[in-house]
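Participant: One structure, as structure tokens, below. Some questions next.
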Amino acid sequence: MDIDIFGNFALGEDFIARMSRKNFLFSFIISYTKTCQIPGITIAGSAIDLLKFTPPSDSEFINYGHCKNISYIPMTPDGKPTPAIITKTMLDYANIPHITINAGSVITPQVPYVETNIPCGDNIQHLPGLSNSSFTRAIDSGKIIGKNLSLCTDCLVVGESIPGGTTTALAVLKGLGLDAKVSSSMPNNPLNLKNKIVDIALSRINTQDPSLIASNLGDPIIPFIAGMLNTASRNTNIILAGGTQMAAILAFAKYVSYEAKKVLIATTQYIINDKSANFLDIVKQIDDIPILVAKLKLENSQYKSMRSYAHGFVKDGAGAGGSTVAAILKNHSQAINLLKSLDENYRKLLLDSY
């Protein structure tokens, strides 16, 4: 099976055995932080003024195979497509149901979705990421939604889309005292810029209170999914689908509390292979949980834009790694079969764009 296990190997093996051919539900959380407007932070969109469309457009593409808020799928400035194309392929392939949750997106998705009325996050370089009331609403909303979704499935997969999220995640990780170097959607990771922004944000606060750290330095995704973990992990298994952001969520969720034996992270091998980051070490500092790594083998894709993932672009996002793990487990599939489906979907996307 094309899944590697890092971290707690025994729990990872047990999870794979228990979840084979079981039911999965994919929850897709969309949000926004004004931190992404800092030039050079992200390439999760073709221009800074279009970044706000990336999360809702990701959700639209996962649902429809095309976007409604914009006339094209979200992509990097040089045309590399959103990892939502991977997520959609995997969910369709394995017939996994999915739901969109708006937890701070400034643009309303044109799909059926759950609304939380959480405001978007501010630019942490200048302001607290979230007000106290917004932070509390995010945690409480996450608890309610997590509890209800967890009762519907054998395993709840949690993915997200938030431009600039690796920077706010880095700030929260460092604020909580962790040694962290985070990944980027770019092969040349702008760590110096990210660290400069984080240092400025850290200089605004003087506290060891985890809630004050997460609200001042974070974004809406972090408290919301931490709230989901708190209640959902009591009832079902949880896959945190992603890399850096999920590590920050896990770090803060330790203070909110969750059932560790039911929680794991799933990502792609491109996050693990990123030498500019220390993802595995970050998770190890937080908790002894499994990390399941989907071997997508995109270096064997027919298409250059998809092969770019194997060369350091994008790496993960929109729940791509976690949805791949779920698809492999539900259908007992191999990544080579999934790659064929992905290439077919990408070919259709190219044909539809003309």
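Participant: Please work out which residue is farthest from E160 (Cα to Cα), limiting yourself to the range 259-275 and to residues that are out of contact with any helix residue (DSSP H, G or I) (no Cβ under 8 Å at 6 or more places or on another chain) and among the polar types (S, T, N, Q). I'd like the intermediate steps shown before the answer.
Facilitator: So in the range 259-275, the residues out of contact with any helix residue (DSSP H, G or I) (no Cβ under 8 Å at 6 or more places or on another chain) come out as 259-260, 262, 269, 273-275.
So of that shortlist, the ones also among the polar types (S, T, N, Q) come out as 269, 273.
Numbers: Q269: 18, N273: 21 Å.
Among residues in the range 259-275 that are out of contact with any helix residue (DSSP H, G or I) (no Cβ under 8 Å at 6 or more places or on another chain) and among the polar types (S, T, N, Q), the one farthest from E160 (Cα to Cα) is N273.
Participant: Continuing with this model, one more query. May I ask you to verify whether K181 is basic (K, R) and in a helix (DSSP H, G or I)?
Facilitator: No.
Participant: So which residues in the range 338-354 are of a type outside the set (K, R) and modelled with pLDDT of 75 or more, if there are any at all?
Facilitator: Residues of the range 338-354 of a type outside the set (K, R): 338-339, 341-346, 349-354.
L338, L339, S341, L342, D343, E344, N345, Y346, listed by residue number.
Participant: Are any of the residues in the range 261-280 in a loop (DSSP other than H, G, I, E, B) and on the phi > 0 side of the Ramachandran plot?
Facilitator: So far as the range 261-280 goes, no, none of its residues is in a loop (DSSP other than H, G, I, E, B) and on the phi > 0 side of the Ramachandran plot.
Participant: Take the residues of the range 310-332 that are touching a Pro at 6+ places or on another chain (Cβ under 8 Å) and assigned to a helix (DSSP H, G or I): which is farthest from S257 (Cα to Cα)?
Facilitator: Per the criteria, the residue is H311.
Participant: Right, here's the next one. Would you mind stating whether T236 is closer than 23 Å to M19 by Cβ and crowded, with 24+ Cβ neighbours inside 10 Å?
Facilitator: No.
Participant: Name the one entry in L130, L149 that is surrounded by 20 or more Cβ atoms within 10 Å (Cβ to Cβ), within 20 Å of the chain's Cα centre (by Cα) and in a helix (DSSP H, G or I). First the steps, then the outcome.
Facilitator: Working: L130 fails: in a helix (DSSP H, G or I).
Unique residue meeting the criteria: L149.
Participant: Right, something else. Could you tell me which residue of the range 197-233 is surrounded by the fewest Cβ atoms within 10 Å (Cβ to Cβ), considering only residues that are under 28 Å from S323 (Cα atoms) and β-branched (V, I, T)?
Facilitator: T231
Participant: Answer yes or no: is there a residue in the range 277-288 that is in contact (Cβ under 8 Å) with a residue 40 or more places away in the chain, of a type in the set (A, V, I, L, M), more than 25 Å from G142 (Cβ to Cβ) and surrounded by fewer than 20 Cβ atoms within 10 Å (Cβ to Cβ).
Facilitator: Yes, the conditions are met somewhere in the range 277-288.
Participant: Moving on. Filtering the range 171-187 down to residues that are at pLDDT 95 or above and under 18 Å from the mean Cα position of the chain (by Cα), which residue is farthest from K262 (Cα to Cα)?
Facilitator: A171
Participant: Moving on to the next point. From the list V114, V158, V106, which residue is within 22 Å of T35 (Cβ to Cβ), surrounded by fewer than 24 Cβ atoms within 10 Å (Cβ to Cβ) and within 19 Å of the chain's Cα centre (by Cα)? Quick ask: steps written out before the conclusion?
Facilitator: Values: V114 fails: within 22 Å of T35 (Cβ to Cβ); V158 fails: surrounded by fewer than 24 Cβ atoms within 10 Å (Cβ to Cβ).
After ruling out the rest, the residue left standing is V106.
Participant: Let me ask you something else. Would you be able to say whether some residue in the range 201-223 is within 18 Å of K174 (Cβ to Cβ), charged (D, E, K, R) and within 14 Å of the chain's Cα centre (by Cα)?
Facilitator: Yes: the range 201-223 contains one or more residues that are within 18 Å of K174 (Cβ to Cβ), charged (D, E, K, R) and within 14 Å of the chain's Cα centre (by Cα).
Participant: Which numbered condition trips up I205, out of (1) under 25 Å from G319 (Cβ atoms); (2) free of Cβ contacts under 8 Å to residues at least 40 places away in the same chain; (3) of a type in the set (V, I, T)?
Facilitator: Single failed check for I205: (1).
The values are calculated or read from the model by the stated rules, or taken from the named source; none is laboratory data. Predicted, not measured: the structure shown is a model, and the values here were computed from it. Please note: Cβ atoms are built from the backbone with ideal geometry, for glycine as well, and neighbour counts cover all protein chains shown.
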